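Remarks on the structure that follows.
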Amino acid sequence: MENIIRFAVSLPEKLLESFDKLIAEKNSPSRSEAIRDLIRAHLVEQEWTEENKEVVGTITIVYDHDTRELLDKLMDFQHHHNDIIVSSTHIHLDNHNCLEVIIVKGKGKDIKDMADKLISIRGVKHGKLTTTSTGKKL
């Protein structure tokens, strides 16, 4: 088990009140855990700025499967990026719309570039890259 180190944090009263309200809304068990979560979130954000750091994430897209040649474009795109794409899952939302979640792993810049290109394909109605960490440094 890791050693736990205690340290003091001084905050203005209003900021602490706002923080405690956030903790309650998020059902965080304690101030300490909430602070740990904030630190981890910042470290993950930092990982994505480092050029050669391996990171992971998901790209979620919603698209109209009736758009001409879109399915072929999406499939070709994923095959051409098999060095970054780990897996994908596809569900039918209704008669016309599909949702696809693509799990990615690689260098942050490469993933961001690929996600931007994928999301901009005609027929993709909405897309979002969600970034996270491999967890090795957390």
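What follows is calculated from the coordinates using simple rules that are stated; it is not laboratory data. Just so it is clear, the structure is predicted and the values come from calculations on it, not from any experiment. Cβ atoms come from the backbone with ideal geometry, glycine included; neighbour counts cover every protein chain shown.
Annotations for the structure displayed:
- Residue within segment 89-111 that is small (Gly, Ala, Ser) and farther than 30 Å from Phe19 by Cβ present: yes
- Helices (runs of 4 or more DSSP H) completely within segment 26-138 that count 3 or more residues being out of contact with any Gly (no Cβ under 6 Å at 6 or more places or on another chain) and among the acidic types (Asp, Glu): 31-47, 108-119
- Matching option when the condition is surrounded by 16 or more Cβ atoms within 10 Å (Cβ to Cβ), of a type in the set (Lys, Arg), over 21 Å from Thr134 (Cα atoms) and in contact (Cβ under 8 Å) with a residue 12 or more places away in the chain, among Lys53, Lys107, Lys73: Lys73
- Qualifying residue in segment 6-24 (condition: in a loop (DSSP other than H, G, I, E, B), surrounded by 13 or more Cβ atoms within 10 Å (Cβ to Cβ) and not β-branched (Val, Ile, Thr)): no
- Thr134, sole failed condition from (1) in contact (Cβ under 8 Å) with a residue 40 or more places away in the chain; (2) over 11 Å from Ile59 (Cβ atoms); (3) in contact with a Leu (Cβ under 7 Å, 6 or more places away or on another chain): (3)
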